[in-house]
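See below for the structure under consideration.
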Amino acid sequence: MPGRGKKRVRESEGDTNKVVSKKHKIAHPSHPDVTVTGVVLACGEGDVGQLGLGPDVMEKSRPALVNIDDQKIVSAVAGGMHTVCLTNKGEVYTFGCNDEGALGRNTSEEGSETLPSKVDLLGRGIQLSAGDSHTAVLTDEGKVFAWGNFRDANGKIGLTSDGIQEKPIEMLPGETVIKIASGGDHLLCLTEKGEIYSCGCAEQGQLGRVAECFSVRGGRKGLDYILKPAIIRCLRHKSKKRVVFDDVYAGQYMSYAREKDTGSIYAWGLNNYYQLGTNDLENKFVPVYVKAMSEDVKVTMVDAGQHHAICLDTAGKVYTVGRGEYGRLGHGDSNEEKRVPAILDLPPCKQVAAGQAVSYAVTNSGEIYAWGMGTSQQLGSGDDEDVTTPRLMTGKQLQTRKVIAVSGGGQHTVLLATDTPS
């Protein structure tokens with residue numbers, strides 16, 4: 001756990017040569033704007049409290065309003081079966097499944113996991129990420145705190161070599177991190193130096209630094225090899241120089257990153273349905289250059305589900321790639337996979353997101369489109385039918401609101417929306 005800070009010593013009036021240093025505050029385009037606050041809406045399955053609507057609400061087929069102590073919310077992120085919200089004061093609220101510590105707080109009181117409650121955090125949060133059973137928060141000083149658990153095909157592996165962490169623990173002391181991203185069971189940290197650190201499950205190559213022979217629980221190197229954050233080594237395309245990254249993204253079993261100088265995209269991890277965009281079916285255990293996202297399309301944002309990815313380009317156009325079943329790619333009734341990103345017919349968008357087998361796009365005007373598997377009612381369409389092309393999400397709670405952002409969980413969806421002026 002982080003040590004206590006030192007007490008501030010008052011300087012004498014005559015000591016004029018000392019300079020009081022200010023704490024270094026970090027910035028990244030992905031951080032939420034604290035001046036733009038909204039309310040949280042949720043839909044989908046709620047059987048473990050992930051909708052934040054109390055113990056009696058098992059599902060919502062349309063977006064429903066979540067009451068978070070009248071807080072002004074700037075970000076809402078869906079994990080596998082839990083939800084994390086950030087206020088404009090940098091406070092973190094969680095609700096949902098806490099079986100493996102994903103909420104970061106005590107839920108011994110019956111039903112307390114089904115309603116939003118605050119996490120005790122050392123620092124002011126500015127960005128969130130969440131996976132299947134873990135949560136991470138980036139503070140304004142560039143520190144990363146996380147809690148919960150990582151899993152692999154054989155079960156629990158712990159968040160650290162000490163096991164499951166039920167309260168926030170600092171993950172990368174000594175480094176200044178500017179962005180975090182969570183896959184299902186892995187965590188990526190982008191530092192101010194343009195380096196990426198990874199930790200968690202390595203089985204599909206998602207850590208980008210663990211050879212296949214060590215991918216199952218670190219092999220003979222042990223769990224610490226995969227659970228202790230370590231740097232990903234990557235050389236630039238057709239160069240011997242190291243890549244400096246300026247953004248990082250994660251899917252269930254995949255990872256993506258953007259090069260600072262060129263905007264090129266690199267990817268690694270599971271690739272059994274072409275979801276990395278590399279036009280082959282080989283898992284990648286180290287980062288590889290993705291021509292289809294770097295030259296053919298200039299991608300500025302990536303999110304990914306279990307077997308597909310969704311991309312946004314510099315003009316606000318939306319593309320999907322990977323597995324086609326259940327309509328998750330949005331290209332109609334065909335179940336055929338897409339080997340490279342294929343464009344969708346949508347208005348200009350500002351954000352894209354993916355759940356396990358669903359996709360979302362938020363337009364510049366604040367509308368939200370959703371498509372894919374309807375079984376869990378994540379699409380907010382009022383039924384459980386699959387949707388094979390982008391469809392506008394509607395409902396009472398969206399009639400007078402514009403959507404700021406969306407996040408897809410394992411079986412639920414959370415929206416951040418703001419009231420439109422009357």
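The numbers here are math on the coordinates, done by the rules we state, and not lab data. Being a predicted model, the structure only gives us computed values, none of them experimental. A quick note on method: Cβ atoms are made from the backbone with ideal geometry, for glycine too, and the neighbour counts reach across all protein chains shown.
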Considering each residue of the stretch 54-70, count those that are assigned to a loop (DSSP other than H, G, I, E, B) and either more than 20 Å from Thr400 (Cβ to Cβ) or touching a Leu at 6+ places or on another chain (Cβ under 6 Å) (or both), and give that number. 6
Identify, by number, the condition in (1) buried (at least 21 other Cβ atoms within 10 Å of the Cβ); (2) touching a helix residue (DSSP H, G or I) at 6+ places or on another chain (Cβ under 7 Å); (3) of a type outside the set (S, T, N, Q) that Gly158 doesn't meet. (1)
Identify the residue in the stretch 151-207 that is over 14 Å from Leu227 (Cα atoms) and among the hydrophobic types (A, V, I, L, M, F, W, C) and, among all such residues, is farthest from the chain's Cα centre (by Cα). Ala153
Output for the stretch 345-364, where each listed residue is in contact with a strand residue (DSSP E or B) (Cβ under 7 Å, 6 or more places away or on another chain) and part of a loop (DSSP other than H, G, I, E, B): Leu346, Pro347, Pro348, Gly355, Ala357, Asn364
All positions within the stretch 238-266 that are in contact with a Cys (Cβ under 7 Å, 6 or more places away or on another chain) and of a type in the set (Phe, Trp, Tyr): Tyr266
What number of residues within the stretch 366-384 satisfy the criterion of being in a strand (DSSP E or B) and of a type outside the set (A, V, I, L, M)? 3
Restricting to the stretch 186-223, and then to whatever is β-branched (Val, Ile, Thr) and assigned to a loop (DSSP other than H, G, I, E, B), can you tell me which residue is surrounded by the fewest Cβ atoms within 10 Å (Cβ to Cβ)? Val216
Restricting attention to the stretch 399-410, the residues that are buried (at least 24 other Cβ atoms within 10 Å of the Cβ) and among the polar types (S, T, N, Q) number exactly 1
Considering only residues of the stretch 302-315 that are surrounded by fewer than 21 Cβ atoms within 10 Å (Cβ to Cβ) and touching a strand residue (DSSP E or B) at 6+ places or on another chain (Cβ under 8 Å), which is nearest to His331 (Cα to Cα)? Asp313
Ala267 vs (1) buried (at least 23 other Cβ atoms within 10 Å of the Cβ); (2) closer than 23 Å to Val387 by Cα: all pass except (2)
For the stretch 346-372, how many residues meet the condition of being surrounded by fewer than 16 Cβ atoms within 10 Å (Cβ to Cβ) and in contact with a Gly (Cβ under 9 Å, 6 or more places away or on another chain)? 3
Taking strands (runs of 3 or more DSSP E) that fall entirely within the stretch 224-309, which contain at least 3 residues that are of a type in the set (A, V, I, L, M, F, W, C), in contact (Cβ under 8 Å) with a residue 24 or more places away in the chain and within 25 Å of Cys349 (Cβ to Cβ)? 245-250, 299-304
